[in-house]
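*Asks:* Dropping a structure here in structure tokens format, bear with me for questions.
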Amino acid sequence: MCGVAAALADPLRWLANAAGEAAFASGLGQRGGARGGTGNDDDVVDSGLPAVPVLPAIPVSAGALIFDQAGRLLILRPTYKSGWTIPGGVMEADGETPWDACRREVREECGIEVQRGRLACVDFRPRRPGRPGGIRFLFDCGTADESALATITLQPEEIAECRLVALDEALPMLRPPIRRRVRAASRHRELIYLENGRAVPGISGGLPRDVALDRSRRLRG
């Protein structure tokens, strides 16, 4: 979860710095001209051209639902904030994809190599004072091997403890935004879209689990 502690300590400053670094690296918004590394005049940016607007930077993170053979959910207790969470964290701004971020975070935090998963939920969190908001991807990574769960290696600077807990017991332990996301994803078999962890009127984002199972049985029959 590289850079997560800094992002949580001052999210707006972290977001501004990230946007500034991206703009600097790509030369966005420069009017005075800039030279590349060759020293050739062709590398000079024409100051007469209109500046390219800097696109908004929106934080993206990815989390993983990981279960054991008994259907218990793997949850983690972070060192840098209260409450419990699931494996996951911020996507790196280096071309990393949400799925890559999910796999990396699980590996860094737990020492587990996730090989497959299903995108279960996309959750948009609006910006509010002191919080940059962003997009959250939640992947259902299914049942982990018993050997992998038996040899979990926690990232000590960020994870204090892990537990395998029945879903009904785990939900009240999770931080509210993650609780809403995990609860919604656990009730559906198809991808769902949420805003701040809640369903959006007019958006069909999946069927309730019992309805989906019933439809699947009828299709097979």
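Since every read-out is calculated from the coordinates, none of them should be taken as a lab result. Not measured: the values here are computed from a predicted model. In this analysis, Cβ positions are derived from the backbone assuming ideal geometry, glycine residues included, and neighbour counts consider all displayed protein chains.
*Asks:* Neighbouring Cβ atoms within 10 Å as the yardstick, rank I66, I152 fewest first.
*Replies:* I152, I66
*Asks:* Spelling out what I want: for every residue of segment 53-61, take phi, set θ = phi - 60°, compute 6.51 cos²θ - 1.76 cosθ + 1.60 (Karplus), and round to whole Hz; glycine and proline get x.
*Replies:* Running phi through 6.51 cos²θ - 1.76 cosθ + 1.60 with θ = phi - 60° gives x, 6, 6, x, 9, 10, x, 10, 9 Hz.
*Asks:* Mind checking segment 75-151 for GluC sites (Glu not before Pro) that DSSP puts in a loop (not H, G, I, E or B) and that have at most 11 other Cβ atoms within 10 Å?
*Replies:* E113
*Asks:* Another question about this same structure. With 10 angstrom as the radius, rank R189, R128 by how many other C-beta atoms surround their C-beta, starting from the fewest.
*Replies:* Fewest-to-most Cβ neighbours within 10 Å comes out as R128, R189.
*Asks:* Follow-up. Would you pull out the residues with amide H under 5 Å of I192's amide H, same chain only if 5 or more places away, H placed 1.01 Å from N?
*Replies:* Counting only residues 5 or more places away or on other chains, the set is C121, V122.
*Asks:* Considering the Cα trace of segment 60-220, what is its radius of gyration and what is Dmax, both in angstroms?
*Replies:* Just the Cα atoms of segment 60-220 yield Rg and Dmax of 15.7, 50 Å.
*Asks:* A further question on this structure: Could you put M91, M173 in order, starting from the residue whose Cβ has the fewest other Cβ atoms within 10 Å?
*Replies:* By the 10 Å Cβ count, ascending, the order reads M173, M91.
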